[in-house]
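Engineer: Please find one structure pasted underneath; my questions will follow.
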Amino acid sequence: MNKKYCSAVMVLVLTALFLSCADNTQKEKVSAETYFDIPTYFKEEVARLTLENPLVEKTVLKDSLSETKSLQIADWENELSSFVSIDLNKPVYAGVLKRDSTANRIVITSTDPKLDLVQIEIQYGENSEPTAFRIQRHVQNSLFETQETLFYAKDKEYSLEKKQSIRILGDKYYRVEGLFNRQTEPKK
């Protein structure tokens, strides 16, 4: 009887393992949808802009104070870090993003209001390469609320707009905008 009991237990364990693996395979198929690789795109843009060293008319606005300067950005990695951090292929976004497409535009919207991403719009040019990104984020907890809009149009402009409401400190508004000047100088 002991042999029969051990055999039955082994069959049950193996069956459970098999079904468990089959179930995981199904879950992987459901969440396997991949989206445009935004971090890689912006890392390539960082490398390209570092090499080209374009002149940028940069405006920084904090609340009601603003300053504009023409300059060459010394650290494109830092300048575009907010864009590089957006990764639609993170596991946390699996199954909660809805895609709507036209011939030259993709809009990806989060169906979970608890996530930081609200919407991402990617526009494509004639050669099927991305030409512009608009990313909307929203973070809210008991201490603060932040609404952020990132915009990037290749070789034209980029901006980061942020509205913050911090419980103790009040409301803050920031906007950083860069307009590309087509004249470039190679780095020395």
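Engineer: Just give me the residues in the range 138-173 being part of a strand (DSSP E or B) and closer than 30 Å to Glu52 by Cα, in sequence order.
Structural biologist: From the range 138-173, those part of a strand (DSSP E or B) are 138-140, 144-153, 157-166, 170-173; that's our starting set.
Hits for the range 138-173 are Glu148, Thr149, Leu150, Phe151, Tyr152, Ala153, Glu157, Tyr158, Ser159, Leu160, Glu161, Lys162.
Engineer: Can you tell which of Ala153, Ala132 is touching a strand residue (DSSP E or B) at 6+ places or on another chain (Cβ under 6 Å), within 27 Å of Leu65 (Cα to Cα) and open to solvent by less than 50 Å² (accessible area, probe 1.4 Å)?
Structural biologist: On the way: Ala132 fails: within 27 Å of Leu65 (Cα to Cα).
Going through Ala153, Ala132 in turn, the sole match is Ala153.
Engineer: Also, quick follow-up: If Glu45 passes every condition in (1) in a strand (DSSP E or B); (2) surrounded by 16 or more Cβ atoms within 10 Å (Cβ to Cβ); (3) acidic (Asp, Glu) but one, which one does it miss?
Structural biologist: That leaves (1) as the condition not met.
Engineer: Taking Glu33 as the residue in question, decide whether it is acidic (Asp, Glu), closer than 24 Å to Tyr152 by Cβ, at pLDDT below 95 and in contact with a Gly (Cβ under 9 Å, 6 or more places away or on another chain).
Structural biologist: On the way: acidic (Asp, Glu): yes; closer than 24 Å to Tyr152 by Cβ: yes; at pLDDT below 95: yes; in contact with a Gly (Cβ under 9 Å, 6 or more places away or on another chain): yes.
Judged against the criteria, Glu33 is a match.
Engineer: Could you tell me how many of the residues in the range 174-188 are part of a strand (DSSP E or B), at pLDDT below 90 and of a type outside the set (D, E, K, R)? Outline the logic, then answer.
Structural biologist: Step one: of the range 174-188, the residues part of a strand (DSSP E or B) are 174-184.
Next cut, at pLDDT below 90 only: 181-184.
Then drop every residue that is not of a type outside the set (D, E, K, R), which leaves 181, 183-184.
Number satisfying all stated conditions: 3.
Engineer: Output the number of residues of the range 54-84 satisfying the condition of being in a loop (DSSP other than H, G, I, E, B), open to solvent by less than 70 Å² (accessible area, probe 1.4 Å) and at pLDDT 95 or above.
Structural biologist: Taking the range 54-84 and keeping what is in a loop (DSSP other than H, G, I, E, B), we get 63-64, 73-75, 80.
Then drop every residue that is not open to solvent by less than 70 Å² (accessible area, probe 1.4 Å), which leaves 63, 73, 80.
Still in the list and also at pLDDT 95 or above: 73, 80.
Going through the range 54-84 one residue at a time, the tally reaches 2.
Engineer: Among the residues of the range 114-129, what is the count of those that are assigned to a loop (DSSP other than H, G, I, E, B) and in contact with a strand residue (DSSP E or B) (Cβ under 8 Å, 6 or more places away or on another chain)? Show your work before the answer.
Structural biologist: Step one: list which residues in the range 114-129 are assigned to a loop (DSSP other than H, G, I, E, B), which gives 114-116, 125-129.
Retained after the next criterion (residues that are in contact with a strand residue (DSSP E or B) (Cβ under 8 Å, 6 or more places away or on another chain)): 116, 125.
Number satisfying all stated conditions: 2.
Engineer: Starting from the range 38-62, keep only residues that are more than 21 Å from Leu88 (Cβ to Cβ) and among the polar types (S, T, N, Q), then list their pairs with residues that are open to solvent by less than 20 Å² (accessible area, probe 1.4 Å) and not in a strand (DSSP E or B) whose Cβ atoms are within a distance under 6 Å, requiring at least 6 positions of separation or different chains.
Structural biologist: What qualifies is Thr50/Trp76.
The values are calculated or read from the model by the stated rules, or taken from the named source; none is laboratory data. This structure is a prediction, so every number in the text was calculated from the model and none was measured. Cβ coordinates were reconstructed from backbone atoms using ideal geometry, including for glycine residues, and neighbour counts include every protein chain displayed. When the accessible area is computed, the model is the full protein with side chains, heavy atoms only, and any ligands, DNA or RNA have been set aside. Shrake-Rupley method; radii C 1.70, N 1.55, O 1.52, S 1.80 Å.
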